[in-house]
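Here the structure is laid out as structure tokens; the discussion comes afterwards.
The values are calculated or read from the model by the stated rules, or taken from the named source; none is laboratory data. All values derive from a computational prediction rather than experimental measurement. Ideal geometry is used to build each Cβ from the backbone, glycine not excepted, and the neighbour counts take in all protein chains shown. What goes into the accessible areas is simple: the full protein's heavy atoms, side chains included, and nothing from ligands, DNA or RNA. Shrake-Rupley method; radii C 1.70, N 1.55, O 1.52, S 1.80 Å.
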Amino acid sequence: MIRKFDFLVALYIFGVMVAELMGSKTFPLGQIGHWHLTASVAVFVFPLLFTVTDVIVEVHGRKRARSVVFSGIIMVALLALFEVLAVHITPSARYASQEAAYDAIFGASLRLAAASLVAFAASELLDVLVFARLRQALGGRGLWLRNNVSNFVSQLADSTIFLTLAFYAVGASFGSNVSFLLGIIVPYWLVKCAFSVLETPLVYLGVWWLKGERSEKPAEALEGTPA
């Protein structure tokens, strides 16, 4: 029998790995004025990651959620290190013809890998903090509000940190960098916010689902209480 919390953690790690391994592909969304809206395929899983941590904070508390986030951060770091190792290993003669494609897919630059790791760590920890503080301030009410506010704030941090670290041009002027970055940060953040709103019912479903397991355990077996 699969424990619900274990499944939730596995789902979280799945989302982290999908975002890291497959997030480099972008697709067009449309156009607003002079903005051509595009998004990474990771936009489908990023709101899920924040939803999972919010559910864990709601049911098991901030400490447990932070532990899950730190585990995800370590997995991202290990993945980046293994990618460096994998792309530098000399291929066998049979695989040599596929090596260029392999390196193109998994050989992300160190700058992009570092930007992704920093943005992921900062945004996930910020999401847990904001959600927990709002929960305390509102006395546990307004789950939909706490979920979306924490997601909006943390996803803005994620988009801003990653895109700035990854694409800030040192040789260009500050003004041109700001203009360029705002042109991609704002639309991308708005898209992620829209997906966050659409996934709000999943927070209620997840809390109800996870509390079912929590209520089945004896009190002494429960670790942590909601912050």
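Looking across the range 167-197, the residues that are within 21 Å of residue 49 (Cβ to Cβ), open to solvent by less than 40 Å² (accessible area, probe 1.4 Å) and of a type outside the set (Gly, Ala, Ser) come down to 185, 187, 188, 191, 192, 193.
Given 132, 194, 172, 166, which one is modelled with pLDDT under 95, in contact with a Lys or Arg (Cβ under 8 Å, 6 or more places away or on another chain) and farther than 29 Å from residue 63 by Cβ?
166
Scoring residue 114 on the criteria (1) surrounded by 12 or more Cβ atoms within 10 Å (Cβ to Cβ); (2) modelled with pLDDT of 90 or more leaves a single failure, condition (2).
If you go through the range 84-133 and keep only what is in a helix (DSSP H, G or I), of a type in the set (S, T, N, Q) and more than 13 Å from residue 20 (Cβ to Cβ), you end up with 97, 98, 123.
Selection of the range 79-105 for residues being among the hydrophobic types (A, V, I, L, M, F, W, C) and touching a helix residue (DSSP H, G or I) at 6+ places or on another chain (Cβ under 7 Å) yields 79, 80, 86, 87. Select from the range 68-84 the residues that are without any contact (Cβ under 8 Å) to a residue 12 or more places away in the chain and under 15 Å from the mean Cα position of the chain (by Cα) and list them in ascending order. Those that are without any contact (Cβ under 8 Å) to a residue 12 or more places away in the chain and under 15 Å from the mean Cα position of the chain (by Cα): 70, 74. The residues listed here are 90, 53, 38; of these, the one that is open to solvent by 20 Å² or more (accessible area, probe 1.4 Å) and modelled with pLDDT of 90 or more is 90. Of note, residue 100 satisfies the criterion of being open to solvent by 30 Å² or more (accessible area, probe 1.4 Å), free of Cβ contacts under 8 Å to residues at least 24 places away in the same chain, among the aliphatic types (A, V, I, L, M) and out of contact with any Pro (no Cβ under 8 Å at 6 or more places or on another chain).
For the range 1-35, which positions are open to solvent by 90 Å² or more (accessible area, probe 1.4 Å) and among the β-branched types (Val, Ile, Thr)?
Just the residues of the range 1-35 that are open to solvent by 90 Å² or more (accessible area, probe 1.4 Å), to begin with: 1-3, 6-7, 14, 22, 24-25, 28, 31-32, 34.
Once the filter is applied, which keeps residues that are open to solvent by 90 Å² or more (accessible area, probe 1.4 Å) and among the β-branched types (Val, Ile, Thr), the range 1-35 yields 2, 32.
The set of residues in the range 134-156 being open to solvent by 20 Å² or more (accessible area, probe 1.4 Å), part of a helix (DSSP H, G or I) and of a type in the set (Gly, Ala, Ser) consists of 137 alone.
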